[in-house]
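Q: Next up is a structure, given as structure tokens.
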Amino acid sequence: MESKRMKMEEKEDRISALPDSIIRHIISLLPSTKEAVQTGILSKRWENQWTKVPVLIFVSAGMSFKNFLNFIENTLILHECSKIKKFHLKYRHTSGNDPQFSSKIRFAARKDVEELYLGSSGQQYKFPYFLFDNASLVNLTTANFIFMPSGRISWDRLTTLIMARCRFADQAMELILSGSPLLKTLLLEHCFGFNKLVIASKSLENLVLKQLRIIFGIEISCPKLERLMLSGCLNVNSAKLLNLPSSLFATIDFNHYEDNCNEIRSSLIKDVLQQLQCVKELRIGGWLMEYISATQMQDQFSPVLNIKCLDLISHNISGIAFLLRNSPVLEKLVINVTNFDQDYCDFGENYWSDATVFNCLVSHLKTIKIVGFPKRDSKHKVMLNFVQFFLKNARVLEKMVVELKDDGTAFPLKVSQGLLNLPRFSQCAVIELQCSK
């Protein structure tokens, strides 16, 4: 018993001996302020250290609304930092305009908060007006808020802005962008309220638009953009992509709720592909690949895609062939094989054996990566024919990588043997099999 007590005291002494800076850093990494306060039981040295940590994270999960408000109030009274680096407020909210939460947010704003997260999972909450003029904000994340700025927005230091399930008044996005001269990352997900979304920024480098609703037009003009993602159900009639750099990495996977707007969809997809025809890398999602194959869009598409890297999420034979046919300078091809449920009877198992050699195979395509491989015999054979087509016709191929999961069966060995037995045109081409757990 005595030995056990000595060990406990020794352990406590080690904890107590840590420098204040280390203790506060450890506390700052905890997932919530409630847990930070509880560290006081470790040692007397730790008892009030949380009050000097510039990180406050309030999460209402597991607490009644009244207790949650009381905990925040007591915490803010005891907190001693003159500046707050991170302030997170995640809560269920039943009132659309609760001044009690506004006062908590104002507390953070007055202490020059740099990273602010406001997440309401209940009724939408009107974004506090006093936050529209804030020179300290660097990162801002909001969920389930209404943005109705009445005048100029001043977010001079803001670099990252993430908005989910937010509603916007007219001109709100224009005011946000004009008031954020250093903004580099913008993410909008499940947002709505604007008839036309215009994203014009000279500083923006990363733009993600996902599952946006009630939009009749999108216009993007960002000369410094490095990454662009257009994903989900974007019910738009038109999309203008202006002033985009050739070094852009773009991901697109449009989707629609309506079943009777094929003409609008075809026109939209065609316009987007035309406007992205010179980007450095293009990733196309599974829905869009299915749509390209299922419609007669191939016959309507005329421009050449001057893309060097094409990343496809698909197993769709005709869709892949169509894009390769229109990408004469392609250097790298990545195919993420999806469920492989398509019926190949329409194409035949020997589709790739009879396929026309694409221009990119003659002098440009150097790298091919295939992620996933079908197990079913008929579809496995189709995939081997696909691989054989490229090995046989890619004259400057340097590397082919096949990546699949190690499921504990002999399947990876079967794939490996099948690949190594295939003839290849390029004698320097290396075939690499990668297995992951």
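Q: So in region 28-53, with the set limited to residues that are among the aliphatic types (A, V, I, L, M) and part of a helix (DSSP H, G or I), which one is most open to solvent (accessible area, probe 1.4 Å)? So that I can check it myself, show each step before the final result.
A: First, the residues of region 28-53 that are among the aliphatic types (A, V, I, L, M): 29-30, 36-37, 41-42, 53.
Checking which are part of a helix (DSSP H, G or I) leaves us with 36-37, 41.
Details: Ala36: 8, Val37: 50, Ile41: 153 Å².
Among them, the one singled out is Ile41.
Q: Which residue out of Glu114, Glu189 is under 20 Å from Met229 (Cβ atoms) and not hydrophobic (A, V, I, L, M, F, W, C)? Explain how you work it out, then say what you get.
A: On the way: Glu114 fails: under 20 Å from Met229 (Cβ atoms).
Just one listed residue meets the conditions, Glu189.
Q: What's the total number of residues in region 55-69 that are part of a helix (DSSP H, G or I) and touching a residue at least 12 places away in the same chain (Cβ under 8 Å)? Break it down stepwise before answering.
A: Step one: of region 55-69, the residues part of a helix (DSSP H, G or I) are 65-69.
Next, only the ones that are touching a residue at least 12 places away in the same chain (Cβ under 8 Å) stay: 65, 68-69.
Qualifying residue count, region 55-69: 3.
Q: What is the residue count in region 149-163 for residues that are open to solvent by 10 Å² or more (accessible area, probe 1.4 Å) and either touching a Leu at 6+ places or on another chain (Cβ under 8 Å) or at pLDDT below 95 (or both)?
A: Kept after step one, since they are open to solvent by 10 Å² or more (accessible area, probe 1.4 Å), are these residues of region 149-163: 149-152, 154, 156-157, 159-160, 162.
Filter again for either touching a Leu at 6+ places or on another chain (Cβ under 8 Å) or at pLDDT below 95 (or both), leaving 149-152, 156-157, 159-160, 162.
Counting residues in region 149-163 that are open to solvent by 10 Å² or more (accessible area, probe 1.4 Å) and either touching a Leu at 6+ places or on another chain (Cβ under 8 Å) or at pLDDT below 95 (or both) gives 9.
Q: Same structure again: Please go through (1) over 20 Å from the mean Cα position of the chain (by Cα); (2) surrounded by 15 or more Cβ atoms within 10 Å (Cβ to Cβ); (3) among the hydrophobic types (A, V, I, L, M, F, W, C) for Phe216 and return the number of the only condition it doesn't satisfy.
A: Result: Phe216 passes all but (2).
Q: If you take the residues of region 59-76 that are more than 19 Å from Tyr117 (Cα to Cα) and among the polar types (S, T, N, Q), which of them is nearest to the chain's Cα centre (by Cα)?
A: Ser64
Q: For region 104-148, which positions are aromatic (Phe, Trp, Tyr) and surrounded by fewer than 16 Cβ atoms within 10 Å (Cβ to Cβ)?
A: First, pick out the residues of region 104-148 that are aromatic (Phe, Trp, Tyr): 107, 117, 125, 127, 129-130, 132, 145, 147.
If the condition is that a residue be aromatic (Phe, Trp, Tyr) and surrounded by fewer than 16 Cβ atoms within 10 Å (Cβ to Cβ), then Tyr129, Phe130 are the ones that fit.
Q: Additional query: Would you check if Leu56 is buried (at least 17 other Cβ atoms within 10 Å of the Cβ) and under 28 Å from the mean Cα position of the chain (by Cα)? Even if it seems obvious, please write down each step before you answer.
A: Numbers: buried (at least 17 other Cβ atoms within 10 Å of the Cβ): yes; under 28 Å from the mean Cα position of the chain (by Cα): yes.
Spelling it out, Leu56 is indeed buried (at least 17 other Cβ atoms within 10 Å of the Cβ) and under 28 Å from the mean Cα position of the chain (by Cα).
Q: Checking the conditions here, which among Ile23, Ile72, Ile15 is modelled with pLDDT under 90, part of a helix (DSSP H, G or I), buried (at least 16 other Cβ atoms within 10 Å of the Cβ) and not basic (Lys, Arg)? Please lay out each step first, then the result.
A: On the way: Ile72 fails: modelled with pLDDT under 90; Ile15 fails: buried (at least 16 other Cβ atoms within 10 Å of the Cβ).
None of the other options fit; the residue is Ile23.
Rundown of residues vs (1) in contact with a His (Cβ under 9 Å, 6 or more places away or on another chain); (2) of a type in the set (Lys, Arg), yes/no style:
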position: Val371; (1), (2): no, no
position: Lys399; (1), (2): no, yes
position: Val415; (1), (2): yes, no
position: Leu420; (1), (2): no, no
position: Gln434; (1), (2): no, no
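Q: Just a yes or no: is a residue in region 375-386 open to solvent by 30 Å² or more (accessible area, probe 1.4 Å), assigned to a helix (DSSP H, G or I) and touching a Phe, Trp or Tyr at 6+ places or on another chain (Cβ under 8 Å)? Spell out how you get there, then give the answer.
A: Within region 375-386, the first condition is being open to solvent by 30 Å² or more (accessible area, probe 1.4 Å), and the residues that meet it are 375-378, 381, 384.
Restricting the remaining residues to those that are assigned to a helix (DSSP H, G or I) gives 377-378, 381, 384.
Checking which are touching a Phe, Trp or Tyr at 6+ places or on another chain (Cβ under 8 Å) leaves us with 378.
Looking through region 375-386, at least one residue is open to solvent by 30 Å² or more (accessible area, probe 1.4 Å), assigned to a helix (DSSP H, G or I) and touching a Phe, Trp or Tyr at 6+ places or on another chain (Cβ under 8 Å).
Q: Considering region 149-169 alone, what residues qualify as being more than 22 Å from Glu205 (Cα to Cα) and either over 26 Å from the mean Cα position of the chain (by Cα) or basic (Lys, Arg) (or both)?
A: Pro149, Ser150, Gly151, Arg152, Arg165, Arg167
Q: Another question about this same structure. Can you tell me which of Asn144, Asn134 is under 31 Å from the mean Cα position of the chain (by Cα) and at positive phi?
A: On the way: Asn134 fails: at positive phi.
Just one listed residue meets the conditions, Asn144.
Q: If a residue must be of a type outside the set (Ser, Thr, Tyr) and either buried (at least 18 other Cβ atoms within 10 Å of the Cβ) or more than 26 Å from His25 (Cβ to Cβ) (or both), how many such residues does region 80-94 contain?
A: So the first thing to find is which residues in region 80-94 are of a type outside the set (Ser, Thr, Tyr), and the list is 80-81, 83-90, 92-93.
With the extra rule that they be either buried (at least 18 other Cβ atoms within 10 Å of the Cβ) or more than 26 Å from His25 (Cβ to Cβ) (or both), the set shrinks to 84, 87-89, 92-93.
Of the residues in region 80-94, 6 are of a type outside the set (Ser, Thr, Tyr) and either buried (at least 18 other Cβ atoms within 10 Å of the Cβ) or more than 26 Å from His25 (Cβ to Cβ) (or both).
Q: Quickly run through region 96-131 and pick out the residues that are part of a helix (DSSP H, G or I) and in contact (Cβ under 8 Å) with a residue 24 or more places away in the chain.
A: The first filter runs over region 96-131 and keeps only residues part of a helix (DSSP H, G or I), leaving 99-110, 129-131.
If the condition is that a residue be part of a helix (DSSP H, G or I) and in contact (Cβ under 8 Å) with a residue 24 or more places away in the chain, then Gln100, Phe101, Ser102, Lys104, Ile105, Arg106, Phe107, Ala108, Ala109, Phe130, Leu131 are the ones that fit.
Q: Ok, one more. Could we say that Phe194 is within 19 Å of Leu268 (Cβ to Cβ), touching a Phe, Trp or Tyr at 6+ places or on another chain (Cβ under 6 Å) and open to solvent by less than 40 Å² (accessible area, probe 1.4 Å) here? Show your work before the answer.
A: On the way: within 19 Å of Leu268 (Cβ to Cβ): yes; touching a Phe, Trp or Tyr at 6+ places or on another chain (Cβ under 6 Å): yes; open to solvent by less than 40 Å² (accessible area, probe 1.4 Å): yes.
Against the criterion (within 19 Å of Leu268 (Cβ to Cβ), touching a Phe, Trp or Tyr at 6+ places or on another chain (Cβ under 6 Å) and open to solvent by less than 40 Å² (accessible area, probe 1.4 Å)), Phe194 qualifies.
Q: What about Pro423, is it closer than 13 Å to Gly372 by Cα and either open to solvent by 30 Å² or more (accessible area, probe 1.4 Å) or without any contact (Cβ under 8 Å) to a residue 60 or more places away in the chain (or both)?
A: Details: closer than 13 Å to Gly372 by Cα: no; either open to solvent by 30 Å² or more (accessible area, probe 1.4 Å) or without any contact (Cβ under 8 Å) to a residue 60 or more places away in the chain (or both): yes.
No.
Q: Additional query: Residue check: is Phe411 within 33 Å of the chain's Cα centre (by Cα) and open to solvent by less than 20 Å² (accessible area, probe 1.4 Å)?
A: Spelling it out, it is not the case that Phe411 is within 33 Å of the chain's Cα centre (by Cα) and open to solvent by less than 20 Å² (accessible area, probe 1.4 Å).
Q: State all residues of region 166-182 that are surrounded by 22 or more Cβ atoms within 10 Å (Cβ to Cβ) and modelled with pLDDT of 95 or more; if no residue qualifies, say none.
A: Of everything in region 166-182, those that are surrounded by 22 or more Cβ atoms within 10 Å (Cβ to Cβ) and modelled with pLDDT of 95 or more turn out to be Ile176, Leu177, Ser180.
Q: Take region 322-335 and flag every residue that is touching a Phe, Trp or Tyr at 6+ places or on another chain (Cβ under 9 Å), crowded, with 20+ Cβ neighbours inside 10 Å and in a helix (DSSP H, G or I).
A: Leu324
The values are calculated or read from the model by the stated rules, or taken from the named source; none is laboratory data. Note that the coordinates shown come from a computational prediction; the quantities given were computed from them, not determined experimentally. Because the Cβ atoms are built from the backbone with ideal geometry, glycine has one as well, and the counts that use them run over all protein chains shown. Ligands, DNA and RNA are excluded from the accessible area calculation, which covers all protein heavy atoms including side chains. Shrake-Rupley method; radii C 1.70, N 1.55, O 1.52, S 1.80 Å.
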